[in-house]
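Please read the structure below before turning to the comments.
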Amino acid sequence: MSTTAERPFTLSVPDCDIDLLHKKLDLTRFPEDLENAGWDYGAPLSDVQKLVEHWRTKFDWRKAEVEINKLPMFTRDIDVESHGTLNIHYVHQKSKVQNAIPLLFVHGWPGNFLEVRKILPLLTQNSADHPSFHVVALSLPGFGFSEAPKKAAFAGRQYAEVLNKLMLSLGYEEYVYQGGDWGHVLGAHAVTHYGNKHIKAWHTNMPLCRPPTLFSHPLVFLRMLTIPFDKAAKANLEQALTWNKTGSGYSALQSTKPQTLGYSLADTPVGLLAWIYEKLVSWTDEYPWTDNEVIEWISIYWFSRAGPAAAGRIYYEMAGGGKHDAFEGTKWTSVPMGVSYFPREPVHLPKSWVHTLGKVVFESEHDKGGHFAAFETPEKLVGDLRRMYGNGGPAHGVVPGKAGYD
Amino acid sequence: MATNAEVPFKLSVPDSDIDLLHKKLDLTRFPDELENAAWNYGAPLSDIQRLFEHWKTKFDWRRAEAEINKLPMFTRDIEVEGHGTLNIHYVHQKSEVQHAIPLLFVHGWPGDFLEVRKILPFLTKKSTDYPSFHVVALSLPGFGFSEAPKKPGFAGRQYAEVFNKLMLSLGYEEYVYQGGDWGHLLGLHAVTHYGHQHIKAWHTNMAVCRRPAFLSHPLVFLSMLTIPFNKSVKADLEHSMVWRRSGQGYFAIQSTKPQTLGYGLADSPVGLLAWIYEKLVSWTDAYPWTDDEGKPDFARSQSTMLTRSSVIEWISVYWFSRAGPAASTRIYYEMTGGGKHDTFEGTKWTSVPVGVSYFPKELVRLPKSWSYTLGNLVFESEHDKGGHFAAFETPEKLAGDLRRMYGMGGPAHGVISGKPGYDEA
């Protein structure tokens, strides 16, 4: 029987791992690129070369590590039915407000637990003007410093089980949920299994879903038919179809042959860098990435507990190896739901479709920001959560006794 | 102005390149793997580690190089409109038969010019029983030892131009064409631009095409509707769905973000190895049997294709390629407009005689009636063994098909006047 005791976690990458990384960086062999390719073919050579140079000669991992270790981090074993025990890494920051709302923050790919870093002080802040949260942000199994699943078929139900057991183990019988990217998709699975009973409300900054059908969501479906798409919705759909053709290759590959891809990601720092950096730029709203920010982000993957190849497997498992979509097994629930729309999120579906996911009680549209909302525009995301859960807000008091104010 | 002179080519990878490769191999970091993953998630860890060990400790590149250099190889500059000059590498083996049929052999991805190696002696052999060929097998631009295009937009028309100019420069005003994979797709483009005038007939071992539409190919279309798919067509389509559902990831990424993918392929030998090896196994009919302990037994594999050395040699041609391994994937981008259209864009049906060989482990098998949309279908041959890399896996079968197609009494006999493949007795 595994121990469920919480243990403080201090990140300390072995010297030999850092040495190996640098030995590899020093031997980097670059591909060529085409004249005036820009971003058309992927991450441009000049960008990547500059970043490798920075990684090689300037980036100080130990300094970054010290900063990361200022976060209150822990690990604990979580039992998952049929999958044994996984040791899960997480940040857990309590607010000074005793009745703060317990909130679970879930990252995606190519994200990581550090996406919580900027919103943490804002969410846990004590104020009469807005609610406060106790925040838990885990490394998903196979990401960051959590163990990876060892067996096949670790999918929606299993992730939901990890998420829920983690919150329960921290004494949070009832809590709210926030996520984008896989955080959003896993949110749909989490509320399917634990909605209302444990998850009292949830918020997403990437409201993707299946299209409504006549039988699944007749009202939304009919709305689609009888009210002609407005210009904006039409433009969004066209752009979504284009993205599907030209921007989803990484997903097609990771959901079918993640192991084949994984050999590169595990073995070459520049290969991993380019694979992730391309998304850091194309999925954000001209976020002014510093070289240090990029390299630190990539380093979390490079030094991750299970290695960089493990993370991509989520695409495979959630899609059954390319056989179905990631929403397989989710159901509409009456759990109150909030949505934030950011303009540079890669895919925008018609807003009416989000009602197929849950009981939408809060919507907020922004004119700036992209996929990594917590990282790019932390105040906007936190502002939305404060309005959703604050006094007078549509999800105020969803967790009885923990309204966010003392 | 480019020189048109042919220059003999000897492969000689610099020592420093071999050193770098070995330094990298020594630092290899492997990923983890799920229990009992087998081939479900991609190339299995145990296969890759075994191949890696062989590469690190046993494989002798200089020896492989010496063997490769026994082939008659050359380079020459070819000008391509709008793209300047590309230096193209090719094998050119003439037959003893003076009136042999000039044949251009075109490889694909992750193939290379060495796919011609086994059929070369068959095709150039002199006999009264079957025709003989003068064979030209190039490294496609961006592959092997040819230069890569430098500018965007190098697509069907440009590849066709390279092929045609190469053959013309060798004195072959009229020639026939053979290809699979990109060799097949580029064949459609080549006959669109140079069919009849220069390409008198062609043969493919990967008969893929657009679905026939009522307006474009009414008879084939109607045959689809009125004749219920028979069992074997249904089996073919099911086989094709496997590729479509779970085997297309490489196509999706290479046709949209080849540069992003390319950094890993250029920098990690094991990354490149896995990327290609996965296809060498899943697209062939030659997976090695296991030995008594359940380990892959390369010695007993059904063809010589998947010995450890042959795999590493295959990967090495990519690793040591002139333009680097990343360049080869750009063909997917250029030929699909960055993922926006299919690879048949710009091709037309022509009445150039075409022959088709069907191999059971080809990645996609379409209804055979659709082959009529490829051209003037004059020859078909079905095999019970073999896969995607026909010239390499089953050279006698492929050569046999070409001999029957072009030989005396064959449907494409004498397509090139004065070069029927036989000398006067």
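The values are calculated or read from the model by the stated rules, or taken from the named source; none is laboratory data. On a predicted model such as this, the values are computed, not experimentally measured, just so you know. Quick reminder, even Gly has a Cβ in these numbers, built from the backbone with ideal geometry, and neighbours come from all protein chains shown.
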Note on segment A:309-330: residues at the interface with chain B (Cβ under 9 Å from one of its Cβ atoms) and not aliphatic (A, V, I, L, M) are A:313, A:316, A:321, A:322, A:323
Quick count over segment A:6-35, residues being touching a residue at least 60 places away in the same chain (Cβ under 8 Å) and either closer than 20 Å to residue A:296 by Cβ or within 7 Å of chain B (Cβ to nearest Cβ) (or both), is 10
Margin query: Against the definition (touching a residue at least 12 places away in the same chain (Cβ under 8 Å), assigned to a helix (DSSP H, G or I), closer than 25 Å to residue B:413 by Cβ and not assigned by TED's automatic domain parsing to the domain that holds residue B:315), how does residue B:168 come out, yes or no?
Written below: yes
Output for Cβ contacts, cut-off 8 Å, separation at least six or different chains, first residue without any contact (Cβ under 8 Å) to a residue 12 or more places away in the chain and surrounded by 12 or more Cβ atoms within 10 Å (Cβ to Cβ) in segment B:229-250, second assigned to a helix (DSSP H, G or I) and small (Gly, Ala, Ser), reads B:248/A:252; B:249/A:249; B:249/A:252
Flag for residue A:85 being under 19 Å from residue A:166 (Cα atoms) and touching a His at 6+ places or on another chain (Cβ under 6 Å)
no
Of the residues in segment A:186-236, those that are surrounded by 12 or more Cβ atoms within 10 Å (Cβ to Cβ), among the aliphatic types (A, V, I, L, M) and over 15 Å from residue A:104 (Cβ atoms) come to A:206, A:208, A:220, A:222, A:224, A:233, A:235
Going through segment A:1-11 in order, the residues found to be touching a helix residue (DSSP H, G or I) at 6+ places or on another chain (Cβ under 7 Å) and either of a type in the set (Ser, Thr, Tyr) or surrounded by fewer than 15 Cβ atoms within 10 Å (Cβ to Cβ) (or both) are A:4
Reported set for segment A:257-287 where residues are more than 9 Å from chain B (Cβ to nearest Cβ) and touching a helix residue (DSSP H, G or I) at 6+ places or on another chain (Cβ under 7 Å) is A:276, A:280, A:284, A:285, A:287
- Return yes or no: is residue A:315 touching a strand residue (DSSP E or B) at 6+ places or on another chain (Cβ under 6 Å), surrounded by fewer than 24 Cβ atoms within 10 Å (Cβ to Cβ) and either closer than 26 Å to residue A:245 by Cα or at pLDDT below 95 (or both)? no
- Within segment A:169-178, is even one residue closer than 16 Å to residue A:389 by Cβ, touching a residue at least 24 places away in the same chain (Cβ under 8 Å) and part of a loop (DSSP other than H, G, I, E, B)? yes
When segment B:227-266 is checked residue by residue, the ones that are of a type in the set (Phe, Trp, Tyr) and under 13 Å from residue B:366 (Cα atoms) are B:229, B:243
Scanning segment A:377-406 for residues that are among the hydroxyl-bearing types (Ser, Thr, Tyr) and over 17 Å from the mean Cα position of the chain (by Cα), the one nearest to residue A:124 (Cα to Cα) turns out to be A:405
Expected single match for surrounded by 14 or more Cβ atoms within 10 Å (Cβ to Cβ) and closer than 19 Å to residue A:257 by Cα among B:11, B:25, B:45, B:20 is B:45
query: Is it the case that residue B:381 is in a strand (DSSP E or B) and farther than 25 Å from residue B:253 by Cβ?
result: yes
query = Is segment B:250-261 home to any residue that is among the small types (Gly, Ala, Ser) and within 14 Å of chain A (Cβ to nearest Cβ)?
reply = yes
Expected single match for out of contact with any Cys (no Cβ under 9 Å at 6 or more places or on another chain), farther than 30 Å from residue A:398 by Cβ and crowded, with 17+ Cβ neighbours inside 10 Å among A:260, A:242 is A:260
Expected output for segment B:4-19 (first residue among the acidic types (Asp, Glu), partner modelled with pLDDT of 95 or more and not in a loop (DSSP other than H, G, I, E, B), Cβ below 6 Å, 6+ apart or cross-chain) is B:6/B:74; B:6/B:76
Of all helices (runs of 4 or more DSSP H) fully inside segment A:274-325, the set with 3 or more residues that are more than 13 Å from residue A:251 (Cβ to Cβ) is A:291-302, A:308-311
